[in-house]
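Participant: Sending over a structure as structure tokens; questions will come in a sec.
Nothing in this text is a laboratory measurement; each read-out follows from the coordinates by a stated rule. In this text the structure is predicted, and so the values were computed from the model without any measurement. Note that each Cβ is placed from the backbone with ideal geometry, even for glycine, and that neighbours are counted across all protein chains shown.
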Number of protein chains: 2
Amino acid sequence: MNEFKLIDKIKTILKNRVIGDDTAPIIVGNKTLIVTNDILLEGQHFLDYFPIDNLGWKAISVNVSDIAASGGKPKYALISLLLPKSKTHLVKKIYRSIDKACRYYHCQVIGGNITQSGKLGIDVFMIGETKKFVGRRNAKPGDFVYLTGPIGNSKAGLELLMMKKNHYEVFEKKLIERHLKPTININSSEISQNSTASVDISDGLSSDIFHIANMSNVRIDINSNKIPTTKELKMFGKKYKKNSFDYGLIGGEDYQILFTSRKKLKENRNLYLIGKVNPGKNVYLDGKKIKNKSFDHFSSS
Amino acid sequence: MNEFKLIDKIKTILKNRVIGDDTAPIIVGNKTLIVTNDILLEGQHFLDYFPIDNLGWKAISVNVSDIAASGGKPKYALISLLLPKSKTHLVKKIYRSIDKACRYYHCQVIGGNITQSGKLGIDVFMIGETKKFVGRRNAKPGDFVYLTGPIGNSKAGLELLMMKKNHYEVFEKKLIERHLKPTININSSEISQNSTASVDISDGLSSDIFHIANMSNVRIDINSNKIPTTKELKMFGKKYKKNSFDYGLIGGEDYQILFTSRKKLKENRNLYLIGKVNPGKNVYLDGKKIKNKSFDHFSSS
């Protein structure tokens with residue numbers, strides 16, 4: 001049984017339309033809040049190579065990314081900290097990193113709890129606000145498909161980290177930094193004004209894009225030579241004989257936002273037109289149908 | 001380092017007045033929301049004796065209890081499920097139990113995620129609404145101290161469960177039921193209208209009452225023969241030669257609410273006058289100062 005089948009089972013029990021999105025809107029008076037929840041758990045989302053100083057930053061950023069993809073700005077966070085007894089001395093470092101991220105994104109930690117646990121984990125609940133919630137269901141044929149920045153760096157950074165080298169070149173350090181300390185570009189007003197559907201790239205472009213295609217019941221065509229990648233990723237590909245384009249396509253944890261817009265928008269360094277929405281279903285890269293290669297924590301392989 | 005020292009460290013980093021309460025208020029337009037977060041983690045909050053059918057109910061109830069103690073009604077929940085690979089087949093049972101509790105309390109699961117983990121855990125994030133948020137800081141000398149129901153049953157129920165008997169008497173089953181399936185009595189409008197400070201009894205009366213005494217900077221006097229206990233708890237005390245009164249005082253997980261009120265309220269089966277707020281500090285039982293015997297997951301003992 002894989003993760004998505006588990007979620008399908010839950011849907012049938014809860015009979016709730018919103019389950020399956022990463023965020024949910026709540027209407028309070030004349031305001032719209034967005035809530036989301038994401039955890040970083042030792043052994044699942046990070047291993048011992050991950051510096052403790054960055055862990056809180058990443059846990060917050062991962063949630064900010066979901067809020068931003070829904071067209072919102074983060075406002076409040078609650079932190080459920082799973083803490084091994086042997087690591088109680090790390091609590092200050094973890095919270096300093098959480099605090100740093102919250103100051104950066106202008107959100108406030110207003111609660112949480114600490115539980116003793118075998119593995120270290122930071123479970124974040126975040127509340128944001130928006131003028132208009134953007135889900136995944138409203139992409140329509142004719143819409144343009146945009147990406148907010150280059151992808152693939154995080155996967156390359158992770159692989160570099162795991163090589164545990166004594167010395168890294170400057171371009172390698174940049175790739176590692178993107179993995180350890182993702183920084184979310186919150187252009188939420190642009191997204192909430194213009195987009196019909198939106199998703200953040202956490203599992204990889206070739207997987208996350210299916211959330212929009214499937215839930216909006218459309219075909220998405222993307223153009224491979226429009227997908228932005230950095231010069232650092234190209235240098236990585238050359239040095240380690242890897243196809244850097246694949247890193248963009250299947251690498252996760254980039255935390256860029258993919259969204260569809262009825263209106264054609266002006267491209268800039270935070271906005272790349274990479275494809276088009278068409279009638280039909282599935283996702284096509286340069287006219288060839290691609291497979292949904294999502295990372296599944298519960299797969300048997 | 002104990003749990004409360006850890007929380008003190010976090011407070012100094014976040015410089016945030018609300019950390020230390022179990023809930024936090026959020027003002028949205030002219031509405032007040034209450035947010036809280038509590039986890040049930042295998043090995044910490046429950047052991048293998050705990051029936052899986054009740055786990056979701058209890059995880060939801062624990063959070064409803066915090067919302068109710070703040071004078072609120074639960075509205076929305078997000079569930080972060082930590083799921084061992086070997087237990088994926090249990091996901092339906094867990095979610096059916098969550099769904100049952102949410103229907104009972106009139107709240108809705110609107111999101112969450114599933115993460116593979118060594119231990120089973122249900123981390124709940126709950127949002128409620130209230131007309132007036134009740135914290136722990138405004139008890140004043142002269143206030144009356146109320147408890148919403150009998151306490152001590154849950155601890156007795158847990159001990160009975162751990163005896164792993166083949167046969168339980170009727171009164172024993174009732175005590176076990178209170179441990180496995182706590183039901184929160186949401187008289188939130190009464191609490192938000194009348195109370196100056198409030199806390200739910202999750203760690204035990206003699207521990208939780210200090211949250212009000214310390215944060216309101218007052219002395220609380222309680223009268224031992226006013227503390228309500230059930231006839232089942234007395235039968236348990238007699239059969240197993242235990243002091244049933246102690247179970248009320250130090251037993252946790254009762255999820256009754258302790259609150260202070262300026263006005264004298266009419267007692268009923270959901271409202272017991274157990275003491276008075278006075279100038280000074282600490283908590284006194286029949287005139288004798290008591291120690292804060294809270295359960296600490298991080299203590300070295």
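Participant: With Kirkwood's inverse mean 1/r over C-alpha pairs for Rh, give me the Rg to Rh ratio of chain B, two decimals please.
Facilitator: Result for chain B is an Rg/Rh of 0.96.
Participant: A further question follows. Looking only at other chains, what is the average number of their beta-carbon atoms within 10 angstrom of each beta-carbon in A:114-124?
Facilitator: Working: counts 7, 11, 8, 11, 7, 4, 0, 8, 0, 9, 3.
Across A:114-124, the average partner-chain Cβ count within 10 Å equals 6.
Participant: At 7 Å along Cα-to-Cβ for each site, give me the label-to-label distance between A:Lys238 and A:Lys132 in nm.
Facilitator: Distance between the two pseudo-spin positions: 4.4 nm.
Participant: Now a separate question. Please build a GNM for chain A, connecting alpha carbons under 10 Å apart, and tell me which residue among A:Ile176, A:Ile151, A:Ile220 fluctuates the most.
Facilitator: With Cα springs under 10 Å in chain A, the top fluctuation among A:Ile176, A:Ile151, A:Ile220 is at A:Ile176.
Participant: How far apart, in nm, are the 7 Å Cα→Cβ label points at B:Lys226 and B:Lys173?
Facilitator: It works out to 3.6 nm between the two label points.
Participant: So what is the relative contact order for the range B:144-289, in percent, with contacts set as C-alpha pairs under 8 Å and at least six apart? Numbers along the way, then the final one.
Facilitator: Numbers: 286 pairs, mean separation 67.4, N = 146.
Normalised by residue count, the contact order of the range B:144-289 is 46 percent.
Participant: In the range A:144-289, what percentage of the DSSP-assigned beta bridges are antiparallel, given to the nearest 5?
Facilitator: Details: 20 of 23 bridges.
Looking only at bridges with both residues in the range A:144-289, the antiparallel portion is about 85 percent.
Participant: 5 Å is the cut-off here: which amide hydrogens, built 1.01 Å from N in the peptide plane, fall below it relative to B:Arg219, excluding neighbours closer than 5 in sequence?
Facilitator: HN-HN under 5 Å from B:Arg219: B:Asn278, B:Gly280, B:Lys281.
Participant: Show me, bin by bin at 5 Å from 0, the whole-percent P(r) of the range A:63-218 based on Cα pairs.
Facilitator: For the range A:63-218, the pair-distance distribution reads 2, 8, 14, 15, 16, 18, 14, 8, 4, 1, 0, 0.
Participant: So, one more: With charges set only on the Cβ (+1 for Lys and Arg, -1 for Asp and Glu), what does the dipole of the protein assembly as shown come to about its Cα centre, in debye to the nearest 20? Don't skip to the end; give the middle numbers.
Facilitator: Details: 96 positive and 58 negative charges, 119 e Å.
Using Cβ point charges on Lys, Arg, Asp and Glu, the protein assembly as shown gives about 580 debye.
Participant: Also, I was wondering about something else. Please find the FRET efficiency linking B:Lys9 to B:Lys31, where r is the Cβ-Cβ separation and R0 is fixed at 25 Å, and quote it to the nearest 0.05.
Facilitator: 0.15
Participant: If you don't mind, there's one more thing I want to ask. Among A:Thr229, A:Thr88, A:Thr260, which one moves the most in a GNM of chain A with springs linking Cα atoms closer than 10 Å?
Facilitator: With Cα springs under 10 Å in chain A, the top fluctuation among A:Thr229, A:Thr88, A:Thr260 is at A:Thr88.
Participant: Please compute the Cα-Cα pair-distance distribution of the range B:144-289 with 5 Å bins starting at 0, giving whole percents from short to long.
Facilitator: 2, 10, 20, 22, 18, 13, 8, 4, 2, 0, 0
Participant: Got a sec to turn the phi values of the range A:99-110 into Karplus ³J(HN,Hα) couplings, 6.51 cos²θ - 1.76 cosθ + 1.60 with θ = phi - 60°, whole Hz, x for Gly and Pro?
Facilitator: In residue order, the calculated couplings are 4, 4, 5, 5, 5, 4, 8, 6, 10, 10, 7, 10 Hz.
Participant: Would you mind getting the Kirkwood hydrodynamic radius of the range A:176-221 from its Cα pairs, rounded to one decimal in Å? Don't jump to the answer; show the numbers that get you there.
Facilitator: Numbers: mean 1/r = 0.0804 Å⁻¹.
Hydrodynamic radius (Kirkwood, Cα only) of the range A:176-221 equals 12.4 Å.
Participant: Right, here's the next one. How would you order B:274-285, B:37-48, A:63-74 from highest to lowest mean count of nearby Cβ atoms within 10 Å?
Facilitator: Packing order, densest peptide first, comes out as A:63-74, B:37-48, B:274-285.
Participant: Can you give the mean number of other chain Cβ atoms that lie within 10 Å of the Cβ atoms in peptide A:91-100? Don't skip to the answer; put the middle values down first.
Facilitator: Numbers: counts 8, 5, 1, 2, 7, 3, 1, 3, 5, 1.
Mean shielding count: 4.
Participant: Next question. Under a GNM of chain A (C-alpha, springs under 10 Å), which listed residue has the highest mean-square fluctuation: A:Ile34, A:Ile13, A:Ile257?
Facilitator: Fluctuation is largest for A:Ile13.
Participant: Compute the Cα gyration tensor for the range A:18-130, then decide on rounded, prolate or oblate, letting a ≥ b ≥ c be the square roots of its eigenvalues: rounded whenever a/c is under 1.5, prolate when a/b is larger than b/c in the other cases, and oblate in all that remain.
Facilitator: Since a/c reaches 1.5 and a/b is larger than b/c, the shape of the range A:18-130 is classed as prolate.
Participant: May I pose another question? Evaluate peptide B:27-38: per residue, the Cβ atoms of other protein chains within 10 Å of its Cβ; return the mean as an integer.
Facilitator: Other-chain Cβ atoms within 10 Å of each residue's Cβ, averaged: 5.
Participant: At a Cα cut-off below 18 Å, give the lysines reachable from A:Lys234, other chains included and same-chain residues fewer than 8 away excluded.
Facilitator: Result set, ordered by chain and number: A:Lys155, A:Lys173, A:Lys174, A:Lys226, A:Lys242.
Participant: In addition: The protein assembly as shown: percent of C-alpha pairs farther apart than 40 Å?
Facilitator: The answer is 30 percent, as a whole percent.
Participant: If you don't mind, there's one more thing I want to ask. Which order do B:His167, A:His211, A:His89 fall in if you start with the one that has the fewest other Cβ atoms within 10 Å?
Facilitator: B:His167, A:His89, A:His211
Participant: Further, regarding this structure: 7 Å from Cα along Cα→Cβ at both A:Ile52 and B:Asp246: what's the point-to-point distance in nm?
Facilitator: Modelled inter-label distance: 3.8 nm.
Participant: Given contacts defined as C-alpha pairs under 8 Å and at least six residues apart, what's the relative contact order of chain B, whole-number percent?
Facilitator: 23
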